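Engineer: The structure follows.
The values are calculated or read from the model by the stated rules, or taken from the named source; none is laboratory data. Treat the numbers as computed from the prediction; the structure is a model and nothing was measured. Every residue, glycine as well, gets a Cβ built from its backbone with ideal geometry; the counts of neighbours run over all protein chains shown. Remember, those area values only see protein heavy atoms, side chains included, never the ligands or the DNA or RNA. Shrake-Rupley method; radii C 1.70, N 1.55, O 1.52, S 1.80 Å.
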Amino acid sequence: MKKLFAISMVCALLGSCGSGEKKIEGNVENIKGDWLIEEAMGKSTAGGEKEAFISFGEDGKFNGNTTVNSFFGEYSVVVEGDSLKLANIGMTRMMGPTMEIEDAIVKALGSYSTVNVSDSTAVMLDEKGEAVLKLRKK
């Protein structure tokens with residue numbers, strides 16, 4: 001497989017994701033750590049080429065895998081405004097057998113407006129309040 005690397009700003013990669021901060025409901029500090037991506041846009045991530053995950057580091061950087069490609073970037077948590085902002089996202093661009101799962105994860109990261117986070121689960125919701133990404137703490 002030919003490997004292509006595309007490093008781009010959040011708007012180019014994920015549409016309107018970088019246009020502003022997204023609301024977090026629950027303890028905003030709980031977003032830090034490693035999360036399994038269990039479902040994206042109603043699709044299970046089980047059976048992907050690799051395990052789908054996203055990790056939010058203490059240093060304000062995040063990384064993950066969409067079952068085929070890796071992604072990375074920066075994030076900020078605004079405690080007073082209870083919000084999460086993703087920025088400067090880059091992603092490897094390879095083809096693989098589970099591209100439909102990858103496409104769903106990328107779409108979900110670009111369409112969420114609220115994150116409901118607890119100690120062990122997080123759900124990213126769109127503007128209609130529908131779940132676009134379901135996460136479970138590793």
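Engineer: In the stretch 1-46, which residues are surrounded by fewer than 12 Cβ atoms within 10 Å (Cβ to Cβ), under 23 Å from Thr121 (Cα atoms) and either under 15 Å from the mean Cα position of the chain (by Cα) or modelled with pLDDT under 50 (or both)?
Structural biologist: Within the stretch 1-46, just Gly42 meets the criteria.
Engineer: Just for the stretch 55-111: of the residues that are over 24 Å from Lys43 (Cα atoms) and of a type in the set (A, V, I, L, M), which one is modelled with the lowest pLDDT?
Structural biologist: Only one residue fits best here, namely Val79.
Engineer: Follow-up question, since we're still on this one. Please find, within the stretch 60-83, the residue that is most open to solvent (accessible area, probe 1.4 Å) out of those that are of a type in the set (A, V, I, L, M, F, W, C) and over 11 Å from the mean Cα position of the chain (by Cα).
Structural biologist: Val79
Engineer: Any idea how many residues of the stretch 97-110 are open to solvent by 20 Å² or more (accessible area, probe 1.4 Å) and in contact with an Asp or Glu (Cβ under 9 Å, 6 or more places away or on another chain)?
Structural biologist: 1
Engineer: Then there is this: Sort out which residues of the stretch 111-126 are in contact with a helix residue (DSSP H, G or I) (Cβ under 8 Å, 6 or more places away or on another chain) and open to solvent by 30 Å² or more (accessible area, probe 1.4 Å), and write them in order of number.
Structural biologist: Ser111, Ser118, Asp119, Asp126
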